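So the structure is just underneath, and the comments pick up after that.
The values are calculated or read from the model by the stated rules, or taken from the named source; none is laboratory data. Keep in mind that what you see is a predicted model, and the values were worked out from it rather than measured. Positions of Cβ are backbone-derived with ideal geometry, glycine not excepted, and every protein chain shown enters the neighbour counts.
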Amino acid sequence: MSHNFPYDRLPEFDNHELVSFFSEKKSGLRGFIAIHNTNLGPAVGGTRYRQYASDIEALRDALNLSKAMTYKCALADVPYGGGKGVIIAHSRRAKTENLLYAYAQKINLLNGSLHTGEDVGIDEMDMRILLKKSPFIIGKPNIAGDPSPWAAKGVFYAIKAALKLALGNSEIAGRVFAIKGLGKVGGELCHLLYENGAIIIAADVDKTKTQSMQKKFPKVKIVRPSEIHKEKVDVYSPCALGNEFTQTTVKELRCKIICGGANNQLANGKVGMLLHRKGILYVPDYLANAGGLINVVAELNPKGYNKARVEECVENISNTTEKILNLSQKEKQPTNYIADMLAEQIFLRTTKRQTHESNA
């Protein structure tokens, strides 16, 4: 795929400020960097390393995820914009140190326009390698660390706010939860809910994760990933990859609330209206899972990383959730529409952006 691909023709393109295709033959590095909006400040967003069916699919992921980060930053009240790095993995090519070094150099070429860190496929060991070559890596192992536990905490607080509105109180004990995806965020959320007395149904494509979870929490019921959304539960919590909800899957849902850690859960904005009409309370993904973002950007604070302040800001996700859900009821509009509107009022209030393409 050529770097001059007309990305602006894709439906995922939303006047992104920068779209950069990169490749490095020696290491096999190939992928995209997208920066959506920097009105509030420099872009932040994790780097994803995974296999894609095509270059276009990878580009679409970068465009979608970077846009979501802009909205996430706005509602989380942090002075940053949205960006994303996507490295295309290959089944016959290992994720080597040289590949990560080459990627760090691509980040450095942006000279601070993007700070990046952990996401799907990038772990603590990879972070240590990237940190050797770039000063623009956040979520440092010895400071903020892995954002996942904080993302799970944010989802937990958002769930409590949604329970209060939909079911009359924020009690976790005795409520039935379905968690799809038992990775770093889903696994931690399962732990938080379980220790608060929740009844949990879980699923993951990786059987080692479900077996490990059952060993830790014997009362967790395991079902197939393709069927978990059909379970009759109080809260369905998607914590795997995106595009979980489509016109088809919405018809099959039997939950009262949707609140999870996955990004880009709705296949499109119209699905939010379908959930609204069905009476399912949907907590917008970029609102619920903002805890990880809040934690890692705290490293960029000139006064230094403050864990107590991070905890306070993550807990505040509950208040923001309550505000958006109440406004949704008052205006009789889907929650995703209300969240988007509020976020746009924040990040579009400044000067107009310029769009350009780069080939790092």
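Restricting Ala162, Ala152, Ala158, Ala166 to residues that are touching a His at 6+ places or on another chain (Cβ under 9 Å) and either in the same structural domain as Leu192 (by TED's automatic domain parsing) or surrounded by fewer than 21 Cβ atoms within 10 Å (Cβ to Cβ) (or both) narrows the list to Ala152. Considering each residue of region 245-254 in turn, none proves to be surrounded by fewer than 22 Cβ atoms within 10 Å (Cβ to Cβ), at negative phi and aromatic (Phe, Trp, Tyr).
Name the single residue that is farthest from the chain's Cα centre (by Cα) among those in region 178-200 being surrounded by fewer than 24 Cβ atoms within 10 Å (Cβ to Cβ) and assigned to a strand (DSSP E or B). It comes out as Ile199. With the condition kept exactly as written, say whether any residue in region 49-71 is in a loop (DSSP other than H, G, I, E, B) and of a type in the set (Ser, Thr, Tyr). So far as region 49-71 goes, yes, one or more of its residues are in a loop (DSSP other than H, G, I, E, B) and of a type in the set (Ser, Thr, Tyr). Could you please find all residues in region 265-300 being surrounded by fewer than 20 Cβ atoms within 10 Å (Cβ to Cβ) and within 17 Å of the chain's Cα centre (by Cα)? Ala267, Asn268, Gly269, listed by residue number. Restricting Thr47, Thr70, Thr38 to those that are among the polar types (S, T, N, Q) and in contact with a Ser or Thr (Cβ under 6 Å, 6 or more places away or on another chain) reduces the list to Thr47.
Entry remark, region 156-205: residues being free of Cβ contacts under 8 Å to residues at least 60 places away in the same chain, of a type outside the set (Phe, Trp, Tyr) and over 15 Å from Ala262 (Cβ atoms) number 18 in total. Checked against the criterion of being part of a strand (DSSP E or B), under 19 Å from Asp285 (Cβ atoms) and touching a residue at least 12 places away in the same chain (Cβ under 8 Å), region 21-35 has at least one qualifying residue. Selection of region 247-283 for residues being at pLDDT 95 or above, part of a loop (DSSP other than H, G, I, E, B) and not hydrophobic (A, V, I, L, M, F, W, C) yields Gly260, Gly261, Gln265, Gly279.
Condition check ((1) assigned by TED's automatic domain parsing to the domain that holds Ala290; (2) buried (at least 21 other Cβ atoms within 10 Å of the Cβ); (3) modelled with pLDDT of 95 or more) across all residues:
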residue	(1), (2), (3)
Lys25	no, no, no
Gly41	no, no, yes
Gln51	no, no, yes
Glu97	no, no, yes
Leu100	no, yes, yes
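Out of region 225-244, which residues are over 23 Å from the mean Cα position of the chain (by Cα), surrounded by fewer than 16 Cβ atoms within 10 Å (Cβ to Cβ) and part of a loop (DSSP other than H, G, I, E, B)? None; the set is empty. With respect to the conditions (1) of a type in the set (A, V, I, L, M); (2) closer than 21 Å to Pro238 by Cα; (3) at pLDDT below 95, Ala151 lacks only one, and its number is (3). A single entry from Leu348, Leu342 fulfils the requirement of being hydrophobic (A, V, I, L, M, F, W, C), within 19 Å of Ala68 (Cβ to Cβ) and modelled with pLDDT under 95: Leu348.
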